[in-house]
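The values are calculated or read from the model by the stated rules, or taken from the named source; none is laboratory data. Since we're looking at a predicted model, the values are computed, not measured. With ideal geometry, Cβ positions are generated from the backbone for all residues, glycine too; neighbour counts draw on all protein chains shown.
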Ligand code: 5RP
C-alpha cells in the first residue's frame, strides 16, 4: 500500500482514535489509504471482541482489508442509514479536504456524503492553512483530452496519473483515468468544486467541500480532534 506524509505511528494513532468512536449497531463507511487502513484494522479488532457493526467499503482496497479484518459488510443499497464514515485525506483545511491520492475519491465521496458524520484521519503533514494540493479528477477515458483542456482553461495544470511500476495510466476501480490538476492555492474551494463538477466527462473530483465533521490528527504526543 502506498503511504504518504507522516509516520506510521501518527497514522495509527489517528486511525485508532476514530475507530474508538464506533458504537454497537452502526453502519460505517470504510475509507481508503494507509491512515484509514489503521482504522479498519482497529474496527476489526473490536469486532473480534464483540462489536456489532457493518462496514461499507469505499474501494477494492478497503473491501479486501475489511474482509481480512472480518468486518461484516453491507452496501448503500441495503443499509437504511450510514451512521459514520472514517476516511483519510491528502490535505485538509478546516472542514475542506483534498482526496483521491488512492484514486478512490468517487466512491469515497458517495459513501462519505451519505454518512451522518465524516471523521477524517490524518497526520499533521496533511494540514494546510489554505488548500493547494493538486485536485484529482476522475475522467471517462474518452474525455481525458477534453477535460485536460477544460482544466487548463480554468487555470489548472493537468497531469495524467501513471502507475508507479507499470508503463501506463492508473485505472480507477470504476475503469476510468485520473488527471491530477494543479491550481496552486485554492482560496475558494466551493467555486472550484462547482466548476470541476460541470466538466463533461469528469466523473468526480477530489475536492470535498465542508464535508469533515471531525479531523483526528495523530502525532507522537497523542491525537488532537479538530471540529
Ligand atoms: C484515497 C484517499 C486517501 O484517503 C488519501 O490519499 C490519504 O491516504 P493516506 O492516508 O495513505 O495518506 O483519498 O483516494
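Please work out if residue 16 is more than 30 Å from residue 184 (Cα to Cα) and exposed (fewer than 14 other Cβ atoms within 10 Å of the Cβ). In short, no.
Listed conditions (1) more than 13 Å from the ligand (Cβ to nearest atom); (2) under 20 Å from residue 213 (Cα atoms) are all met by residue 11, apart from (1). Scanning segment 14-24 for residues that are in contact with a strand residue (DSSP E or B) (Cβ under 9 Å, 6 or more places away or on another chain) and more than 11 Å from the ligand (Cβ to nearest atom) gives 16, 17, 18, 19, 21, 22, 23.
Rundown of residues vs (1) surrounded by 15 or more Cβ atoms within 10 Å (Cβ to Cβ); (2) out of contact with any helix residue (DSSP H, G or I) (no Cβ under 9 Å at 6 or more places or on another chain), yes/no style:
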site	(1), (2)
131	yes, no
134	yes, yes
138	yes, no
146	yes, yes
168	no, yes
186	yes, no
214	yes, no
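Residue 202 fulfils the conditions (1) within 17 Å of the chain's Cα centre (by Cα); (2) crowded, with 20+ Cβ neighbours inside 10 Å except for a single criterion, (1). Residue pairs whose Cβ atoms lie under 9 Å apart, separated by 6 or more positions or on different chains, with the first residue in segment 20-32 and within 24 Å of residue 104 (Cα to Cα) and touching a residue at least 12 places away in the same chain (Cβ under 8 Å) and the second assigned to a strand (DSSP E or B) and more than 16 Å from the ligand (Cβ to nearest atom), are 26/54; 26/82; 27/54; 27/82; 28/54; 28/82; 29/82; 30/73. When 111, 121 are checked against the criterion of being more than 10 Å from the ligand (Cβ to nearest atom) and on the phi < 0 side of the Ramachandran plot, 111 stands alone in meeting it. Residues that are at pLDDT 95 or above and closer than 28 Å to residue 54 by Cβ number at least 3 in the following strands (runs of 3 or more DSSP E) confined to segment 109-218: 118-122.
Residue 9 falls short on exactly one of the conditions (1) in a helix (DSSP H, G or I); (2) surrounded by fewer than 20 Cβ atoms within 10 Å (Cβ to Cβ); (3) at pLDDT 95 or above, and that condition is (3).
Is there a residue in segment 61-71 that is closer than 27 Å to residue 159 by Cβ and modelled with pLDDT of 95 or more? Within segment 61-71 (the criterion being closer than 27 Å to residue 159 by Cβ and modelled with pLDDT of 95 or more), the answer is yes, since at least one residue qualifies. Residues considered: 33, 5, 44, 50. Of these, the only one that is away from the ligand (no atom under 16 Å from the Cβ) and on the phi > 0 side of the Ramachandran plot is 50.
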